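Quick notes on the structure that follows.
What follows draws every value from the coordinates through simple rules; no lab data is involved. Predicted, not measured: the structure shown is a model, and the values here were computed from it. Neighbour counts are summed over all protein chains in view; Cβ atoms, including those assigned to glycine, are modelled from backbone coordinates with ideal geometry.
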Amino acid sequence: MQRHLWSIFFVVMLLLVGGCSRPREAAVPPGAPTPSTAAPGAAVPASESITLTVWDWHAADPSKGVGLWLTNIDREYEKAHPGVKIKHVGQSHTEYYEILKAAFAAASPDKGPDVVMLHQGNRIMDQRPSLRPLTEYVTPDFKRKIVGWDLTSDNFDPNGTPWAVSIAVQGLVWYYNKAVLQEAGLDPAKPPRTWSEFLDACDKVKAVGKAGIAVGEKEGFWADWFVNSAYFQTITSSDKERLLRGDMKFTDPKFTIILERLKELGDRGCFQKGAMSTPLFPDAGEEFMRGKAAFFLGLISDVAHWKEFGEMIGAENLGVMTCPVFQPGPDADKFPTGGAFAYAITRTCQHPQEAFDYIAFVASDEHAATFLSEVGSFPANQTYDRGLIKDPCARQIADWMAAGKTGPHLGDRLPTEVGEAIRRECQRLLSGQTDVTGAAQAIQKAADAARASRSR
Amino acid sequence: MTRTPGGRALLTACLFLAPACLLLVVLRVVPAGSALWHAFTDWDGVQPARAVGLANFAALLRDPVFWTAVRNNLVLVLCVPLWILVSLVLAILIHQEVPGWRFFRAAFFLPSVLSPVIVGTLFTAVLRQDGPVNRMLELVGLGRLTHDWLGNPTTALPTLVLVILWCVFGMGVIVFLAGLAAVPDEIFEAARLDGATGWVYLRHIIVPSLRRVIEFWGVNLVVWSFTSLFAFVYVMTGGGPGYATMLVEYQLYLQAFEFNRMGYACALGSALFLMVFGVVLLQVRLMAGEEE
């Protein structure tokens, strides 16, 4: 009996100790040597088969859209590179960064991802300790073709150390339903341009029993988008730099006027009922697609965009405009771009050269064209032929981009905590829990705390 | 040691306890100790932690969101008597075998086996502005009472409390039914013969008979209200509108996984532990004092 007990004890101990004794790799600071066994650039012998694990949130649904596009590219890549297998792992978009963080903390070279999809901007900057700098892989020719380096490189400087390659361009524009405008007695060929025209249009649409704007403010994203869509009117690019450095406050009238306009929309009843508890995706978008609202502040790529809306309400019924102007100025009709997805290579990746080859394959000229024609999203590789675009709204957006009517998405460069504070305070503002001054002060306080936390 | 029967028994006991103790140490004590240590550091979860002394706790005390979350948590604790009372009354009715008691016993328990995510999603749809609750109010001529239940800061937290009640009361009913089954029927019989009904019956017969069960369930609910409501908040409100339904555990999640502030999140976790410990200790003391 006693011998049996000892045997059981030792087996249990062995199992436990064996399970717990896996050495955990130390985190590597940015710029330090990586744990790779293969030197960057080293070719994989033809006899050796390698697997690149790619994590992203689009592959979760490989049957359509970006997921299908990526699946096809994976097949093409494997065909063109017989020694490389692509293992695409679709992760939940909602918990993506939590899962990624856990993988980075485990720092397992054989089980973790080699290539990861990230949102541009601070999401990339926050992950730098676990990413591999791409300086040695990005050639000048490659760099010229792709936009968005300012959102994937150190210090938001396009010439800084690059950490990821942008694949898509995302942006915020205002869509309108021409049929609803017509029903409200408005001219669909002349959408409102000034703020007063816009409020007037919302009133008229409301009078026919529909909502002016389809809003989903449950997560606070809609108000955040509004701030980003409107800030060009009052905040110049030098103001923006001062705001990011902390030299300009969020309590400055140039910022608070945006909150005032936001509150005005809420107070005037421009939103559909229940907007505060409506999720932006997909509910608010569906509200617009069902013709229950005249306007929708939407995206230019992936979802809630011209392709999705055009397919539902008819491309001929869909119009696109930039934010209604409450403060005329040289940049008033700009719209923000950024916040799309990019691919980066992890520090634990064993085959960084192959990983970069894969990323470059995804971002190639050929796939940029299919990204636009098949997915209906704007690629970061700007070599695509604008003549391919048939949809009137998409053509309008492409023309605006070609004419330089875009600017950076403010939120991409703000610390995550400040972005969260803007979303929460806008919710409080719209639900009557605070006023413009209180909201601006709270956002400033969050910005001060974030700065203090980062300087520690 | 093993030569004596007592020593052998002790060794056997130790051997049987060792795996459980080891698991407890590895899965509970070490992570808790690690979290406590990291509460005094600036750590993003990946790079090495840097000791910052009490800075995280000082920041916590100055954080208005933390105090809002604490207030909301305390509101939930104040709702615990309501959650107990509803379960208790329903358990008594089932115990007295009111018509349909078998059906109700099963029906009441059903929500307890549903995942909070399912319950949250269900009620998010039911409570929408154009959802069934508001439609029903309109149908019965109470259209003025329709609300954006989860989007209005004054109704969001009370609505959340009611949804949690719906989810949890069934388990309470089962716990109290088990307690009632252990009480000799003669006590209830004697009380009825003496004419005890309603409040008197509840206050002087049921509550004293079930004191231990009520205490157990009360402590459970208090701990649960601090540590297990994340899924409801995550699915139904995201802590909003604004911070109207923000709870400490949800703030902890945001700090750890949204803002990469693991050190601060560990400080929040430590504060949460102290709060739960303090409230439960107070609760146990109060109940013990009442008993004496």
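Rounded to the nearest 20 Debye, what is the dipole magnitude of chain B about its Cα centre when Lys and Arg each give +1 and Asp and Glu each give -1 at the C-beta?
Values: 17 positive and 17 negative charges, 98 e Å.
With only Lys, Arg, Asp and Glu charged at Cβ, the dipole is about 480 debye.
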Of all GluC sites (Glu not before Pro) in the stretch A:113-198, the ones in DSSP coil with at most 13 other Cβ atoms within 10 Å are A:GLU136
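Taking each residue of A:270-276 in turn, how many C-beta atoms of other protein chains fall within 10 Å of its C-beta, and what is the average? List each step's numbers first, then the result.
Working: counts 0, 0, 2, 7, 13, 3, 11.
What the average comes to for A:270-276 is 5.
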Summed residue charge, Cβ within 13 Å of A:LYS178's Cβ, Lys/Arg positive, Asp/Glu negative: -2
What is the stretch A:243-379 by shape, rounded, prolate or oblate, if you read a ≥ b ≥ c off the alpha carbon gyration tensor as root eigenvalues and call it rounded for a/c under 1.5, prolate for a/b larger than b/c, and oblate otherwise? oblate
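Defining a contact as two alpha carbons under 8 Å apart and six or more residues distant in sequence, what relative contact order in percent does chain B show? Let's see the in-between values first.
Working: 298 pairs, mean separation 84.6, N = 292.
The normalised contact order for chain B reaches 29 percent.
Given axes a ≥ b ≥ c from the Cα gyration tensor, I'd like to know whether the protein assembly as shown is rounded (a/c under 1.5), prolate (a/b larger than b/c) or oblate.
Working: a/c = 2.02, a/b = 1.27, b/c = 1.58.
Oblate is the answer for the protein assembly as shown, as a/c is 1.5 or above yet b/c matches or exceeds a/b.
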Share, in percent, of DSSP beta bridges within the protein assembly as shown that are antiparallel, nearest 5: 60
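Counting Lys and Arg as +1 and Asp and Glu as -1, what is the net charge of the other residues whose Cβ lies under 9 Å from the Cβ of A:LYS292? Let's see the in-between values first.
Working: positive: A:LYS210, A:ARG290; negative: A:GLU286, A:GLU287.
In short, 0.
Once you charge only the Cβ atoms, +1 for Lys and Arg and -1 for Asp and Glu, what is the size of the charge dipole of the stretch B:200-292 about its Cα centre, to the nearest 20 debye? Show your work: numbers first, answer last.
Details: 5 positive and 6 negative charges, 11 e Å.
The calculated dipole for the stretch B:200-292 is roughly 60 debye.
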Just report the Cα centroid separation between the stretch A:331-350 and the stretch B:245-292, whole Å. 37
For A:VAL169, residues with placed amide H under 5 Å, excluding near neighbours: A:PHE378, A:ALA380
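Quote the charge dipole size of the stretch A:72-156 about the Cα centre in Debye, to the nearest 20; the model charges only the Cβ of Lys and Arg (+1) and of Asp and Glu (-1).
140
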Per-residue HN-Hα couplings for the stretch A:350-361, Karplus 6.51 cos²θ - 1.76 cosθ + 1.60 at θ = phi - 60°, whole Hz, x for Gly and Pro? 7, 10, x, 5, 5, 5, 5, 4, 5, 4, 5, 5
Whole-number percent relative contact order across the stretch B:1-87, with pairs defined as alpha carbons under 8 Å at least 6 apart: 12
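What number results when the radius of gyration of the stretch B:161-227, computed over Cα atoms, is divided by 2.2 N^0.38 Å?
Numbers: Rg = 14.0 Å, N = 67, 2.2 N^0.38 = 10.9 Å.
Scaled against compact globular proteins, the figure is 1.29.
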Mean separation of Cα contacts under 8 Å (6+ apart) over length of chain A, as relative contact order %: 23
For the stretch A:257-374, the charge dipole (Cβ of Lys, Arg +1; Cβ of Asp, Glu -1; about the Cα centre) points to a positive end, and the Cα of A:MET276, A:MET321, A:LEU299 closest to that extreme belongs to A:MET276
Under-5 Å amide H pairs with A:HIS88, H placed in peptide plane, nonlocal only: A:VAL54
Would you compute, from DSSP H runs of 4+ residues alone, the mean residue ellipticity of chain A at 222 nm, taking -39500 (n - 2.57) per run and dividing by the full residue count, rounded to the nearest 500? -12500 deg cm²/dmol
Local charge sum around A:ASN228 (other residues, Cβ-Cβ under 12 Å, Lys/Arg +1, Asp/Glu -1)? +2
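Once a ≥ b ≥ c are taken as the square roots of the eigenvalues of the Cα gyration tensor of the stretch B:52-191, is the result rounded (a/c under 1.5), prolate (a/b larger than b/c) or oblate (a/b not larger than b/c)? Intermediate values should be presented prior to the final figure.
On the way: a/c = 2.61, a/b = 1.33, b/c = 1.96.
Taking the square roots of the gyration eigenvalues as a ≥ b ≥ c, the stretch B:52-191 is oblate.
Write out the trypsin sites (Lys or Arg not before Pro) in the stretch A:96-158 meeting two conditions: DSSP loop, and at most 13 other Cβ atoms within 10 Å of their Cβ. Don't skip to the end; give the middle numbers.
Numbers: sites: A:LYS101, A:LYS111, A:ARG123, A:LYS143, A:ARG144, A:LYS145; in loops: A:LYS111.
Sparse-neighbourhood loop trypsin sites (Lys or Arg not before Pro): A:LYS111.
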